[in-house]
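For reference, the structure is listed below as structure tokens.
The values are calculated or read from the model by the stated rules, or taken from the named source; none is laboratory data. This one's a predicted model, so the numbers in the text were calculated from it and none came from an experiment. With ideal geometry, Cβ positions are generated from the backbone for all residues, glycine too; neighbour counts draw on all protein chains shown. Just the protein is used for accessible areas: all its heavy atoms, side chains included, with ligands, DNA and RNA removed. Shrake-Rupley method; radii C 1.70, N 1.55, O 1.52, S 1.80 Å.
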Amino acid sequence: MSEVLQSPMLVLLAWVLAGVLTLFGTLSNAEVASMLADSGGEFVYYKKIYNRFFAFIYGWASFTAIRSASIASIAYVFSQSFNSLVPLPTLPADWSSISAFGFLTPFDNFGVKMLTIALVIGLSYINYIGLKLGENFSKMILYIVLTSLFMIIVLGLTMGDGSWTNIQSNGSSYTPHDWTDSIFIRSMFAAMLSAFWGYEGWSTIGYLGGEIKNAQRNLPLALVLGVLAIMAIYLGVNFTYLYVMPIDLLVDNQHSQNSIAAVVVMTHILGPGGGLVISLLILLTTLGCTNTTILAAPRLYYAMAKEGLFFKSSGDLHLVHNTPSKAFISQAVVVCLLIISGSFDQLTDMLIFASFIFYGATALGVFILRKKMPDAPRPYKAWGYPIVPAIFILFCVALLIVTFAAKPREALMGLVLMLLGIPFYFYWRKVNR
């Protein structure tokens, strides 16, 4: 974000704009999610809003781009953090520079990629045999994340020798632009893609709508307070990064492969010991987050297989472990291919592009279901309807268009992986008719 915007104030603005639009998305899409809360998630309610084909495209996109890329990206951070502690081997330059189609670099950053693949395979096996790290472990991870972020903010602002000058000073490559300038708009959207990766996951909040008492009051209140809290945390942490270190130094570290802002800043504040502590905390938290993400998605593929819209074997439960074991295997294969093919930034930009296609489709579903099912019970009605959902839909369209212009490689990757599912759909529909 610092690299594309070259301005601390604009970086913070990108976090604010992404947070406000995330809030608009939650306030809009929670109506559909709460209305169909007992239906089984996006795959099922896309069938109700649109049709089986669109629901399949969502499931296939999750398999090839959205959820698989999420797993790959989180696991990537684990390996990058491990690499900051124990440098991993790399291949010679003539191997690392080999590319396919001009942007796929399977041998670049090879040691980090191999550890990432090993982590995915190991955690997939743990879930394959039905072992669970447990709810208490997940809570512990949450507390560690919050404590770590709070520690970064407090230590950065009190011991980091930071300066307001760092916040007010633009990068050496900064060029003033008018707010309506196309270059500025592309840069801001490119930065917001990264911010949206930080906010990713908000779409699941509304699933609880059917279980919340007085949902019309309490759900939007929870959404507003929850998203505002997340915005405050991200703004606090990123303000600290930019307060402690001049933006040019952050950009230099971006050019250094596998660098992580939190590790760089804590090393700057406390020396190698600070970098070591934060790296260990990142290892633990990304381990838990990768495991949770691996665990959730195969249930979707299992449901699709049961309807004849996915690989038949993914609908089988393991005789001993009672898990969708084949779905875990197929997911792990796709995740490993994504890890080999791209970098962390490529994967996150691709999955955010693909995700917003469906976020916009769900927001559009608010309008469609108001027409198709006007009398259906709605525990929660979209706050600010029709203005807030309409603004969010227009932004989703704008994000897709600008991403194609600013990052065509990542947008095309996401689109191609989604469209690859079309022949599978017609084949499975024919076979299972």
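Worth pointing out:
- Residue match in the range 197-207 (condition: hydrophobic (A, V, I, L, M, F, W, C), modelled with pLDDT of 80 or more, within 27 Å of Trp383 (Cβ to Cβ) and in a helix (DSSP H, G or I)): yes
- Among the candidates Tyr302, Tyr243, Tyr234, residue that is among the aromatic types (Phe, Trp, Tyr) and at pLDDT below 90: Tyr302
- Residue satisfying condition, being open to solvent by less than 40 Å² (accessible area, probe 1.4 Å) and within 27 Å of Leu249 (Cβ to Cβ), within set Val86, Val112, Val145: Val112
- From the list Glu3, Glu31, the lone residue that is in contact with a helix residue (DSSP H, G or I) (Cβ under 9 Å, 6 or more places away or on another chain), surrounded by 24 or more Cβ atoms within 10 Å (Cβ to Cβ) and over 16 Å from Phe310 (Cα atoms) is Glu31.
- Counting only residues that are open to solvent by less than 60 Å² (accessible area, probe 1.4 Å) and not in a helix (DSSP H, G or I), the range 387-433 holds 1 of them.
- Count of the range 158-183 residues, restricted to those that are open to solvent by 70 Å² or more (accessible area, probe 1.4 Å), among the β-branched types (Val, Ile, Thr) and either assigned to a loop (DSSP other than H, G, I, E, B) or touching a residue at least 12 places away in the same chain (Cβ under 8 Å) (or both), is 2.
- Matching residues in the range 260-297 - criterion: being on the phi < 0 side of the Ramachandran plot and free of Cβ contacts under 8 Å to residues at least 40 places away in the same chain: Ala261, Val264, Thr267, Pro272, Gly273, Val277
- Residues in the range 361-378 that are open to solvent by 30 Å² or more (accessible area, probe 1.4 Å) and out of contact with any Ser or Thr (no Cβ under 8 Å at 6 or more places or on another chain): Leu364, Phe367, Ile368, Arg370, Lys371, Lys372, Met373, Pro374, Asp375, Pro377.
- Single residue of the range 98-156 satisfying the filter (charged (D, E, K, R) and in a helix (DSSP H, G or I)) that is modelled with the highest pLDDT: Lys113
- Test for Leu347: is it over 16 Å from Tyr46 (Cβ atoms), in contact with a Phe, Trp or Tyr (Cβ under 9 Å, 6 or more places away or on another chain), among the hydrophobic types (A, V, I, L, M, F, W, C) and open to solvent by 10 Å² or more (accessible area, probe 1.4 Å): no
- Scanning the range 67-83 for residues that are surrounded by fewer than 23 Cβ atoms within 10 Å (Cβ to Cβ) and within 26 Å of Ile357 (Cα to Cα) turns up just one, Val77.
- Against the numbered list (1) touching an Asp or Glu at 6+ places or on another chain (Cβ under 7 Å); (2) modelled with pLDDT of 95 or more, Ile391 comes up short only at (1).
Rundown of residues vs (1) open to solvent by 70 Å² or more (accessible area, probe 1.4 Å); (2) of a type in the set (Phe, Trp, Tyr); (3) closer than 23 Å to Tyr427 by Cα, yes/no style:
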site	(1), (2), (3)
Gly288	no, no, no
Met304	no, no, yes
Gly308	no, no, yes
Asn322	yes, no, no
Lys326	yes, no, yes
Val333	yes, no, yes
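- Any chance Ile340 is in contact with a strand residue (DSSP E or B) (Cβ under 9 Å, 6 or more places away or on another chain) and aliphatic (A, V, I, L, M): yes
- Residues within the range 57-105 that are closer than 28 Å to Gly288 by Cβ and not polar (S, T, N, Q), tallied: 22
- Of all residues in the range 246-268, those that are in a helix (DSSP H, G or I) and open to solvent by 70 Å² or more (accessible area, probe 1.4 Å) total 5.
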